[in-house]
Amino acid sequence: MQSDLIIKENELLNPSNYPEDQRKLVEDFNTRIMRLTGIITGLGKEYHTIWVINANTKKMYLYRSTGENTNRYAVELGLRFDNYDRYIEEYVDRFVVTNIEGIQRDVKIGTVLSRIKDGELFTLDYMRLSDDGNMSYHQMAFALAGQPVETDNFILAFRDIDKSIRKHIADKRYLREQLDIVETLSRDYYNIFKIDPQTGDVVILKLDGYVTKGMEGAGEKIYSYDVLYKQYVKDRVYSEDQEWMYDAISLATIKSKLSENSEYVSSYRVIDKGEVHYYQFTYILINANIPNSDLLAGFKNVDDIVASAKERQNLEILASTDIMTGILNRGSGERKVIDAMANNKIGMLCLFDVDKFKEINDELGHSVGDKVLRKIADVLKITFRDEDIIFRLGGDEYAVYVMNLNNEEAGRVVIGRIFKELASLDVSELEGRGICVSAGAVFYKDGDRISFEELYRLADSGVYESKKIDGSALNFR
């Protein structure tokens with residue numbers, strides 16, 4: 001480090017060199033200097049570069065720059081830009097290589113002063129690009145240059161974090177991650193185990209639920225994974241799931257799953273007092289960055305989740321179903337067709353309108369009309385495949401999107417079956433009247449650039465043409 005960059009510490013004034021009426025001011029000045037020097041001397045034991053900044057003017061003064069770890073270019077930058085805001089922005093932009101946005105936010109003068117206003121030390125760890133182009137762990141420290149309320153100055157100090165400190169931080173992070181994971185699992189899981197995947201050794205961290213034979217409570221005692229693995233499956237898991245479970249939680253399977261992801265989760269069934277319950281297991285790597293890291297395993301009952309999921313599924317089905325006929329309602333049906341088109345699934349959209357349905361309602365009653373609507377829906381369900389999208393548009397109108405059908409000849413065959421089934425329907429309340437429908441169809445082919453609305457409009461125009469024909473009829477558009 002160049003000697004012209006090394007700044008000597010401030011020297012105290014001798015009160016005897018001043019008039020008697022000014023000596024009290026000189027002593028106060030010396031007191032402030034000693035406080036400042038004491039703070040900086042403390043930081044100087046660990047920090048190689050120290051700046052003093054006036055919080056009001058933001059002007060920077062280099063107090064000390066010494067040691068082999070000093071970044072010469074960073075010091076020169078401060079001598080060039082002696083305004084804190086400009087300097088710190090340039091420093092972070094040039095030398096910080098991790099969490100740059102977060103560091104820029106935290107070193108703003110307002111944030112710094114709010115952190116140190118009560119006399120506390122504020123530090124930031126980061127990766128720094130050194131003069132030789134290598135990266136190293138580094139730290140900034142901020143502190144008041146004096147007592148709270150009595151000073152307008154604050155200190156910015158820099159230091160490298162050596163290997164021992166680096167390892168200490170890594171160890172702390174590792175232990176913190178362990179604790180965080182255990183605390184997170186503890187909120188939901190009854191039983192939690194720590195497992196060494198190499199030896200199969202198991203330590204119980206929490207055991208509030210079922211206690212596997214051969215195990216006691218939480219503690220430092222080490223068990224074989226086979227006790228947890230084989231005994232638990234044999235005594236606890238539902239017979240139909242046992243074979244699968246033996247494979248699912250074997251150490252070989254767990255290692256394989258965790259080599260792809262840091263978490264392995266699945267569900268299984270448990271038999272308890274003759275009743276079947278749903279359970280979930282979770283295996284987590286404690287530290288994914290450490291080869292052969294220990295694992296944490298958690299087991300919990302998820303009956304409530306399964307029940308709510310089934311309830312949610314029932315509600316979703318109810319919301320998407322036409323109550324009258326049991327097929328999809330208009331909204332859900334249209335959404336499914338739009339999704340199919342978006343995924344380039346070719347097909348035929350066909351609309352159906354029941355002929356003279358108003359007469360059935362008016363002359364025979366709405367109950368008969370409702371029965372006819374349900375019968376038509378039944379015919380559509382048995383004629384088309386599960387992959388086809390069948391839905392009721394409302395009133396006496398229906399629609400179907402027939403997947404992978406893209407030619408008129410095949411379309412006429414399929415719709416002809418519908419006409420035949422409807423003609424043979426036996427609804428005694430109709431008093432001999434037949435059921436006829438007018439249909440319009442259009443194809444959505446590979447490469448078509450057409451919206452659902454336009455597709456629907458074309459099919460509807462086919463229905464309009466079919467209405468001009470007596471009996472069931474189909475028109476393509």
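Since every read-out is calculated from the coordinates, none of them should be taken as a lab result. This is a predicted model, so every value here is computed, not measured. With ideal geometry, Cβ positions are generated from the backbone for all residues, glycine too; neighbour counts draw on all protein chains shown.
For residue 99, the shell of other residues with beta-carbons less than 11 Å away shows a net charge of -2, using +1 for Lys and Arg and -1 for Asp and Glu. As a length-normalised measure over Cα pairs under 8 Å and 6 or more apart, the relative contact order of the range 304-419 settles at 33 percent. A DSSP coil position with no more than 15 other Cβ atoms inside 10 Å describes the following trypsin sites (Lys or Arg not before Pro) in the range 65-109: 108.
When the GluC sites (Glu not before Pro) in the range 408-446 are filtered for DSSP coil states and for at most 15 other beta-carbon atoms within 10 Å of their beta-carbon, the remaining sites are 431. Once the chain from residue 344 to residue 61 is taken as fully extended at 0.36 nm per residue, the excess over their C-alpha distance is 95.2 nm.
Let me make sure I get this right: for the range 244-295, a, b and c are the square roots of the gyration tensor eigenvalues over alpha carbons, sorted descending. Under 1.5 in a/c it's rounded, otherwise prolate if a/b > b/c, else oblate. Which is it?
Details: a/c = 3.35, a/b = 2.51, b/c = 1.33.
Verdict is prolate for the range 244-295.
The stretch between residue 136 and residue 260 holds 41.6 nm of extra length on full extension. This uses 0.36 nm per residue minus the Cα-Cα distance.
State whether the range 308-464 is rounded, prolate or oblate according to the following rule on the C-alpha gyration tensor (a ≥ b ≥ c being the square roots of its eigenvalues): a/c under 1.5 gives rounded; otherwise a/b larger than b/c gives prolate, and the remaining case gives oblate. Oblate. Would you mind getting me the FRET efficiency between residue 378 and residue 330? Use the beta-carbon distance for r and R0 = 22 Å, nearest 0.05. It comes out at approximately 0.75.
Comparing Cα centroids, the range 364-427 and the range 247-288 end up 46 angstrom apart.
Here the simple spin-label model places points 7 Å from the Cα toward Cβ, and for residue 231 and residue 407 these points are separated by 6.8 nm. At full extension, residue 453 and residue 93 could sit 124.4 nm farther apart than now, given 0.36 nm per residue minus the alpha carbon distance.
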